[in-house]
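Participant: One structure, as structure tokens, below. Some questions next.
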Amino acid sequence: MKQKVVVFSQIDAEVLQRLEQRYHVVVINPKAGDVNTQIREQVADADAMIGAGRLLNQNNLETAKQLKIISSVSVGYDNYDLNYLNQAKIWLSHTPHVLTETTADLAFTLLMSAARQVPYLDQWTKTGQWSRTVGQAQFGQEIFGQTLGIIGLGNIGAAIARRGFHGFNMNILYHGRREKLELAQPLNARFCELDELLQQSDFIVVAVDLNAHTQHLIDAEAFKKMQSHAVFVNISRGAVVDEQALIQALEQKQIFAAGLDVYEKEPLQDSVLFQLHNVVTLPHIGSATSVTRKKMAELAYQNLVKALEGGQPQYVVNPEFR
């Protein structure tokens, strides 16, 4: 009898086909009824799960009796209850590294778009407001040679810093749980406390994991410490930032602009952010290129197969219990 795999979100079509050739595959269909009810029913005899973007915890996994692995097609894993997975002895794997450069590209796209007011001026031009030479209201911020502050100098943070240092001759500051000399030294990047980074940076990019220590790390007090010409970019997780505090900072011109790819509640709808011309809002597309998403799906597939064949996947978040 084939092992059973539950696909709990849309995944790459080629990977899905390969799974179906190898295993008994059940795809959760949101149009077929309550998703959590479907998951509870299907995981009862499932050996593995694959997908992304769903909240998985005891509520929808407690029926699982033989589940070996949840293979997430993502880097972040804050939507999985890791404590419960450890208790239930279920591996959680993810897909780091393959999206590093793509996500860094997106971060710098947001930085540049917000700094030069690209979406606002695009609409300004298209709606016929360009009737004379642009004035102060249409001016943007210099990027070349300015100071870039990175909060979280991991793989993605370092890739963003490389773009700033090599491409735009930027001074690099960074803050995190510890110094990262191996990443920082080639960029002449300086480790500093968060307050100093907020006060000294012209551009601030957040690239940290979401956890108990980073929840609302950037709050009203943090925005008050930023310079009035600062551009703030978040490509990490929405809850790292107090969204209401960000809105207030933008409305009151405490900072110049923001570029956002993530939000406290997604999909973002009916938000005050949509009414502000000094913010760029993207729909969580950090890794959304065809090449990168295919790489992520392939790595998730390999993680799943390795576990079902009795081995340990390459990228396991919680390997300690096996």
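Participant: Does residue 147 count as under 21 Å from residue 250 (Cβ atoms) and β-branched (Val, Ile, Thr)?
Facilitator: The answer is yes for residue 147.
Participant: A follow-up question, please. Considering only residues that are loosely packed, with under 14 Cβ neighbours inside 10 Å, without any contact (Cβ under 8 Å) to a residue 24 or more places away in the chain and in a loop (DSSP other than H, G, I, E, B), which ones fall in region 251-279?
Facilitator: Hits for region 251-279 are 252, 267, 269, 270.
Participant: Continuing with the same structure: Can you tell me which of (1) assigned by the TED database to the domain that holds residue 109; (2) more than 18 Å from the chain's Cα centre (by Cα) is the one residue 298 doesn't meet?
Facilitator: Residue 298 satisfies all of (1) assigned by the TED database to the domain that holds residue 109; (2) more than 18 Å from the chain's Cα centre (by Cα) except (1).
Participant: Within region 1-100, considering only helices (runs of 4 or more DSSP H) that don't extend past its boundaries, which have at least 2 residues that are crowded, with 18+ Cβ neighbours inside 10 Å and modelled with pLDDT of 95 or more? Spell out how you get there, then give the answer.
Facilitator: Working: elements: 13-22, 35-42, 58-61, 82-88.
Qualifying helices (runs of 4 or more DSSP H): 13-22, 35-42, 58-61.
Participant: Check whether at least one residue in region 280-292 is in contact (Cβ under 8 Å) with a residue 24 or more places away in the chain, more than 30 Å from residue 13 (Cβ to Cβ), crowded, with 16+ Cβ neighbours inside 10 Å and in contact with a helix residue (DSSP H, G or I) (Cβ under 9 Å, 6 or more places away or on another chain), and report yes or no.
Facilitator: Yes, because at least one residue in region 280-292 is in contact (Cβ under 8 Å) with a residue 24 or more places away in the chain, more than 30 Å from residue 13 (Cβ to Cβ), crowded, with 16+ Cβ neighbours inside 10 Å and in contact with a helix residue (DSSP H, G or I) (Cβ under 9 Å, 6 or more places away or on another chain).
Participant: Residue 293 is checked against (1) touching a Gly at 6+ places or on another chain (Cβ under 8 Å); (2) assigned to a helix (DSSP H, G or I) and fails just one. What number does that condition carry?
Facilitator: (1)
Participant: Within region 191-213, count every residue that is surrounded by 20 or more Cβ atoms within 10 Å (Cβ to Cβ) and either within 15 Å of the chain's Cα centre (by Cα) or among the charged types (D, E, K, R) (or both).
Facilitator: The total comes to 5.
Participant: Just one of (1) open to solvent by 40 Å² or more (accessible area, probe 1.4 Å); (2) free of Cβ contacts under 8 Å to residues at least 24 places away in the same chain; (3) within 28 Å of residue 229 (Cβ to Cβ); (4) touching a helix residue (DSSP H, G or I) at 6+ places or on another chain (Cβ under 9 Å) trips up residue 136, so point out which.
Facilitator: Only one criterion in (1) open to solvent by 40 Å² or more (accessible area, probe 1.4 Å); (2) free of Cβ contacts under 8 Å to residues at least 24 places away in the same chain; (3) within 28 Å of residue 229 (Cβ to Cβ); (4) touching a helix residue (DSSP H, G or I) at 6+ places or on another chain (Cβ under 9 Å) is unmet by residue 136, namely (4).
The values are calculated or read from the model by the stated rules, or taken from the named source; none is laboratory data. Owing to the predicted nature of the structure, the values given are computational and were not obtained by experimental measurement. Positions of Cβ are generated from backbone atoms using ideal geometry, with glycine treated the same way; all protein chains shown enter the neighbour counts. Side chains are part of the model used for accessible areas, which takes the heavy atoms of the whole protein and leaves out ligands, DNA and RNA. Shrake-Rupley method; radii C 1.70, N 1.55, O 1.52, S 1.80 Å.
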